[in-house]
Structure formats: structure tokens, C-alpha cells
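Since the structure comes first, as C-alpha cells, the remarks are kept for the end.
What follows is calculated from the coordinates using simple rules that are stated; it is not laboratory data. Remember, predicted model here, so these are calculated numbers, not experimental data. FYI the Cβ positions are ideal-geometry reconstructions off the backbone, even for glycines, and counts take in every protein chain you see.
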Amino acid sequence: KDRSARYKRILLKLSGEALAGDKEFGIDPSVLDRMALEIGQLVGIGVQVGLVIGGGNLFRGKELSDAGLDRVTGDHMGMLATVMNALAMRDALERANIRTRVMSAIPMSGIVEHYDRRTAVRYLNQSDVVIFSAGTGNPFFTTDSAACLRGIEIDADIVIKATNVDGVYTADPKKDKSATKYEMLTYSEVLEKQLGVMDLTAICLVRDHCMPVRVFNMHQAGSLLKIMVGENEGTLIVE
Ligand code: UDP
């Protein structure tokens, strides 16, 4: 079997919730260490890894505004939360001896570098993992949109979204026992069937730029590596 990497450069999106592990809130360091190992395996077979991490384990702008806070302020807090997650992930990656850079869409001198596409691509070419934090830098967007945007900007071969389920289903598999998994979907099917894989902004962006997306289960150890060598894990979304 051919175990060489099918992708030269990927953009991996992890939700903030993934970092919380079994806890509802915050960061579970043991989860970070496990993810660092999985990401290290990719770097080990020569894949360049760009990472976007959400912030939902700490703050979500919409939830805060539903509770009475100004939405834009809430979104700013949400974006800062993604920077905290990025710092924690860098720590775990560097402890696993994986060279890592954190860039932020919002300038934060003294803590992280400001996002610059050309510099990011240079780091990726040096095999450094690059974590793109602070989302798109704008309120009213999500880190899914940020992942698709950065994936397109850095000319990644694919955007890979880690979730809690092993792909996209016809219905919520936790609620509906007859739900079946899609092996493959088109962007229009995702939109027509309102499958809620990512928000509409994100889906439209990848569709307009023909950027393939794969959705897979982060909790299955080794899945990421399998995807890299061409195995059909989760659901692939293409043209
Ligand atoms: N956010 C934002 N603009 C962006 C990305 C994120 O305002 O470009 C804010 C928004 O409030 C969001 C929060 O950051 O709720 C955390 O991101 P997200 O909800 O996407 O995290 P995830 O669900 O992936 O953990």
C-alpha cells in the first residue's frame, strides 16, 4: 500500500469545543497533547499544516449577545478566545518538538505575529505549523469562514474540518437512528439540503474557489493520517 502523502499543504480547522475534551468549558491539556501528536505525524510525512482553531470553548459572540452583550464586543471577545486557544496549541506542539508559528488577524504585538500571507507561506515551506488566530479579524464571521479564507489564500490542497461526528449525515445521527452518512457531497447539495456542515459564508467561499473540504471525526485516533494517505474517512465536499 502506498503510504505517501496525497497532500502537500492542508488547512485544518479545529473547533474550540474539541480543545475542551470532556469538559464543557476551557482547555484540556491532555487533548492538546493528543492533537499535537496527530499533527506531528502529518508534518512527519511532509505535509505542510496550516491550522485554524475556533473559540467556542471560551466565548461565542452570538451567545454573549443573546445574553445582552453588544454583538460586536462579543465577537471581539470570541476572536480573542481563538488567540488563547492558539497559544495553548502552540505550547503543546512545541513541547512535542514541532516548530509552530502563531499569526493573528488582529495585531497583538509582543504576543503573536500579525497575519501576513507571504510570511505564512514562507513558514509553511519551512515545514513550520502555522496557526491562524483571531478568525478573519472581523465580527459577524466564524472560524469556519476564517479556515476557508486562509485555506484559499495559502493555496492549500484541501480544507479539513474536524468535528465530533465521522462525517456529514442525512440527519443528526444522535437523534435519528436511520440517518446515513454521505461519502461525498457537492457544494450545491450542502446548500440545497441545508446540511449545516459550515455556515453559508464559508460554503459559498469554498464553492466559488473550488476548494475541497473534508469533514471527519477528530476523536478517532489516526484518522487524520489516513486522510493524508488517501483513505476515505468522513465526507468529502467537492464541486
Ligand atoms: N469570531 C468573529 N470573527 C471571525 C471568527 C470568529 O467574530 O472571523 C468570533 C465569533 O464571536 C465566534 C467566536 O469568535 O463565535 C468563536 O469562533 P467560532 O464560534 O467559529 O468557534 P468554534 O465554534 O469553531 O469553536
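The chymotrypsin sites (Phe, Trp or Tyr not before Pro) of the stretch 1-106 that DSSP puts in a loop, and whose beta carbon has at most 12 other beta carbons within 10 Å, are F25. When the trypsin sites (Lys or Arg not before Pro) in the stretch 134-239 are filtered for DSSP coil states and for at most 16 other beta-carbon atoms within 10 Å of their beta-carbon, the remaining sites are K174, K175, K177, K193.
Working note: Karplus 6.51/-1.76/1.60 with θ = phi - 60° gives the stretch 52-64 the couplings 10, 10, x, x, x, 6, 10, 9, 10, x, 5, 4, 5 Hz, where Gly and Pro are set to x. Quick one: compute the contact order of the chain, relative version, from alpha carbon pairs under 8 angstrom and 6+ residues apart, as a percent. Normalised by residue count, the contact order of the chain is 22 percent.
Quick check on the stretch 9-238: take the gyration tensor over C-alpha atoms, sort the square-rooted eigenvalues as a ≥ b ≥ c, and tell me if it's rounded (a/c under 1.5), prolate or oblate.
Details: a/c = 1.36, a/b = 1.11, b/c = 1.22.
Here the stretch 9-238 falls in the rounded category.
Taking label positions 7 Å along the Cα-Cβ direction at both R34 and L200, the computed distance is 3.6 nm, reported to one decimal. Straightening the chain between A67 and S178 buys 36.4 nm, computed as 0.36 nm per residue apart minus the Cα-Cα spacing.
To the nearest 20 debye, what is the magnitude of the charge dipole of the chain about its Cα centre, counting +1 on the Cβ of each Lys and Arg and -1 on the Cβ of each Asp and Glu? Could the numbers behind the result be given before it?
Values: 28 positive and 31 negative charges, 108 e Å.
Once rounded to the nearest 20, the dipole reads 520 debye.
Within the chain, what is the number of lysine pairs with alpha carbons under 23 Å apart, leaving out pairs fewer than eight places apart on the same chain? Taking the chain as the scope, the lysine pair count is 25.
So which trypsin sites (Lys or Arg not before Pro) in the stretch 30-136 end up in coil per DSSP with only 16 or fewer other C-beta atoms within 10 Å? Kindly include the intermediate steps, with their values, before the conclusion.
On the way: sites: R34, R60, K62, R71, R90, R95, R99, R101, R117, R118, R122; in loops: R60, R99.
Counting only loop positions with at most 16 other Cβ atoms within 10 Å, the trypsin sites (Lys or Arg not before Pro) in the stretch 30-136 are R99.
Distance between the modelled labels on S188 and N232, one decimal in nanometres: 2.3 nm (7 Å Cα→Cβ projection). Given axes a ≥ b ≥ c from the Cα gyration tensor, I'd like to know whether the stretch 89-131 is rounded (a/c under 1.5), prolate (a/b larger than b/c) or oblate. Verdict is oblate for the stretch 89-131.
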